[in-house]
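Since every read-out is calculated from the coordinates, none of them should be taken as a lab result. Just so we're clear, the structure is a prediction, and the values are computed from it rather than from any experiment. Cβ coordinates were reconstructed from backbone atoms using ideal geometry, including for glycine residues, and neighbour counts include every protein chain displayed.
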């Protein structure tokens, strides 16, 4: 009886649609959102390496910002996997636990976008299928593995994530011998250090060679832990002393002394189970032939070592994943697998350090106050994304901003925050982070929007028409 009621309701709805069409009024269909523009990084900081049998491609959506990094193996590769922490996000990872005798993996994809970003890996697989003259042959099926980081939430308002199209673009951009580092690829909006002091990070890489054996490490650091340099100091911090960050040991000592008190640090999600906001994903590639079991031990050895460079590491709110990959060209190397693992471990630390992007220098501060008419031009309503708006107002011959919709790292929702002029068209947001807000103007000088943190991590808002 319930089924019949549902069918009758559906038929009534169809009849209503048909009547609307006959009357000349087609049922309303929401327009599909425009696809974001794809950006392929071709310059800037990067690592050159010599590794036949491997090509690396990167593609990004600046509208996120977010991105994808593809490691492509034209002749296939053998892959093992090691997963740490309580919140991993992977695709086809079980195929890396089959103890295969020979390599069958076409690509490994590292991506932003949380679970949504896993579709970048299927995009790579479908693109490889289209390249194959006989894709239906089981020997030719393009096996693509992948892992993701969480780069959404309060770090950006946009929900743009890597998808099939971005995965295809990254594969098409793949080339031998170079990988961009910093705020690039899957590390386009990565962050680290939420347990103590959240800072930008990104995608890092390092290459080492001993005899004929080569090792390349590519990592995307999005950890709740902080990056630690080889002297034991935090690599980045909010309040350096004489240009230097404190030792991680001092951070731990201070934290342990405060146990039992309320903790203010943002761990990026501390609920048991489910997705959280922290993940470090890594690919370790060697040309030395290894059995699956040796490759698995390599993965474990290197992943263990990364706890030196990221502290804490592998927590319940991290989803750390490491792919150990062999292209198998060097079959008679004298290097013991433990030595290969030690080389890779040191390279992994170097790659983690290289993930920290170059921070752009802010515009020099000025003491000159903008004219009241200039300030008035910025007054109005702006939209980050549908449902999240900001209003800039004049108050006591200065500007303030208030956001409606949801919180972010940069602006609290429902609370007016002062904007202090520091340069032409540039203001400092009156929060502890003191982010910069730039007023964007068109060629005729009219205000068309604003950008928080212009540079590698821009958050743009467009001006809305006056009511």
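Rounded, prolate or oblate, given the Cα gyration tensor of region 372-463, with a/c below 1.5 counting as rounded? Walk me through the intermediate numbers first.
Details: a/c = 1.29, a/b = 1.18, b/c = 1.10.
Here region 372-463 falls in the rounded category.
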per DSSP, antiparallel bridges as share of beta bridges in region 23-156, % nearest 5, sits at 75
Taking r as the C-beta separation of residue 462 and residue 131 and R0 as 56 Å, the FRET efficiency to the nearest 0.05 is 0.90
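For residue 259 and residue 178 in one chain, what is 0.36 nm times their gap in residues minus the Cα-Cα distance, to one decimal in nm?
Answer, rounded to one decimal: 24.6 nm.
Let me have the relative contact order for the chain, percent, based on Cα pairs under 8 Å that are six or more residues apart.
So the answer I get is 15 percent.
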